[in-house]
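The values are calculated or read from the model by the stated rules, or taken from the named source; none is laboratory data. In this text the structure is predicted, and so the values were computed from the model without any measurement. A quick note on method: Cβ atoms are made from the backbone with ideal geometry, for glycine too, and the neighbour counts reach across all protein chains shown.
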Amino acid sequence: MDGVPNIRMDGKVALITGGGQIISRRIADAYTAMGAYVYIAPINESQDNDTSAALSRSESKISIIRAIFRKKPQVKSIMDRIIKEYGRLDVLVNYMGDSLEAKNEFEHMTEEEWDDLYKTNLRYLFMTTRAALPVMRASGQGGSIINITSMEGSRGMPYGVVYAAFKMGVVGFTKSLAIELGPEGIRVNAIALDNTKITQISTSGPVASKKLGHINNCWPLGRGGTSGDVASCATFLATDLSAWVSGTAIHLNGGALAAGGFYRSADGSWTNKPVIERCDDYRQP
């Protein structure tokens with residue numbers, strides 16, 4: 001694309017899943033500020049209630065879709081509503097996924113836990129994306145699919161083997177689908193998060209209280225991420241600023257993945273040896 005890219009989203013329609021999370025609501029706020037029409041869809045009733053309460057306290061023009069993402073007919077009803085009201089879908093943000101606190105050695109995990117992790121981290125993603133594609137093609141102007149995943153899809157995760165495998169699967173899905181849809185002008189990318197200050201992924205939850213004073217040493221940029229950081233990245237991927245970006249995962253982690261296990265000590269020096277100031281108090285369950 002030659003010339004100055006259009007960084008607005010006027011007239012575009014976006015669907016954001018996982019609506020009960022702070023990140024989803026921040027992305028929705030960012031998109032509406034850029035001129036988009038936004039649907040936000042929770043994936044369970046608890047998220048539905050949280051989202052409704054949060055948006056009722058604001059003047060946001062975000063539409064809440066109350067059909068919960070669990071079964072194929074519910075997803076179809078969401079797409080039917082979008083077609084009826086706007087006749088198009090330009091941006092799909094898939095914010096589905098959770099470790100479900102299934103932390104254990106692989107050999108001790110149950111097949112039921114495997115299935116639950118699959119449904120939460122991949123199946124809903126597949127189902128929603130497939131249903132969205134005909135709606136996204138309707139405008140004939142391409143579109144952007146953004147899959148929110150985890151840094152655990154790019155590194156090993158002890159006691160989270162199955163979860164990490166599915167997160168790696170999200171990245172593989174993203175790259176492969178980008179190739180299929182590229183000729184139609186539909187871009188597919190992922191945002192791979194590290195710990196951020198949100199409900200699901202907390203910078204303080206897994207960290208022992210005696211180590212909280214060193215928490216910012218976990219990232220070369222010197223701080224944890226915020227929901228605003230994620231919203232900014234998702235806005236980049238939704239607009240013409242990223243018109244030639246497809247099939248990639250942006251690692252939104254303050255440099256943690258690049259550090260490859262190096263951390264700053266209390267005196268400011270760098271080490272890759274286990275030290276008391278290490279970020280995660282990550283013990284075997």
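A few remarks follow.
- Matching residues in segment 238-251 - criterion: being under 20 Å from M168 (Cβ atoms) and buried (at least 21 other Cβ atoms within 10 Å of the Cβ): S246
- Residue in segment 219-242 that is farthest from R26 (Cα to Cα), counting only those that are outside any helix (DSSP H, G or I) and of a type in the set (V, I, T): T239
- Candidate set: segment 258-273, residues that are assigned to a loop (DSSP other than H, G, I, E, B) and under 30 Å from the mean Cα position of the chain (by Cα); chosen: the one surrounded by the fewest Cβ atoms within 10 Å (Cβ to Cβ): G260
- Taking first residues from segment 103-131 that are touching a residue at least 60 places away in the same chain (Cβ under 8 Å) and partners that are outside any helix (DSSP H, G or I) and among the small types (G, A, S), the Cβ contacts under 8 Å between residues at least 6 apart in sequence or on separate chains come to K103/G160.
- Enumeration of residues in segment 176-203 that are β-branched (V, I, T), at pLDDT 60 or above and farther than 23 Å from A259 by Cβ: I179, I186, V188
- The number of residues in segment 144-197 being over 27 Å from D90 (Cα atoms) and basic (K, R) comes to 2.
- Restricting the search to helices (runs of 4 or more DSSP H) fully inside segment 1-110 and requiring at least 1 residues that are modelled with pLDDT of 90 or more and crowded, with 17+ Cβ neighbours inside 10 Å gives 22-33, 72-85.
- Test: residue in segment 145-156 that is among the polar types (S, T, N, Q) and surrounded by fewer than 19 Cβ atoms within 10 Å (Cβ to Cβ): yes
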